[in-house]
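Bear in mind that the values in this text are calculations on the coordinates, not laboratory data. Everything quoted here is computed from the prediction, not taken from an experiment. Please note: Cβ atoms are built from the backbone with ideal geometry, for glycine as well, and neighbour counts cover all protein chains shown.
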Amino acid sequence: MKVRADRDVCMATGVCVMTADGFFDQDADGLVVLAVDEVPAGEEGRVRNAVRLCPSGALGLVSD
Ligand code: SF4
């Protein structure tokens, strides 16, 4: 499974970083930066939560 992020939609809240640290980061403007592309099987729950909790809908999952 892969995660994708639309930086044009991101509102720089940092919820993704707080929910799934290590998978998401923020640049100097607070916009999301993906720390990884491929999500390991054992970590999918945390990343799913981050996608669900993102207030802007900037995050999404892509099945392999
Ligand atoms: S939770 Fe969503 S809106 Fe907030 S920083 Fe992450 S991608 Fe951007």
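Using helices alone, what [θ] at 222 nm do you get for the chain, with -39,500 (n - 2.57) per DSSP H run of 4 or more residues, divided over all residues and rounded to the nearest 500?
Values: 2 runs with 15 residues, N = 64.
When only DSSP H runs of four or more count, the value is -6000 deg cm²/dmol.
Projecting the Cα atoms of MET18, ASN49, VAL33 onto the charge dipole of the range 2-62 (Cβ charges, centred on the Cα centre) puts ASN49 farthest toward the positive pole.
Note on VAL9 and ALA35: their simple-model spin labels are 2.3 nm apart, each label 7 Å out from Cα toward Cβ. Remark: spin-label model distance ASP25-ASN49 equals 2.2 nm, labels positioned 7 Å along the Cα→Cβ axis.
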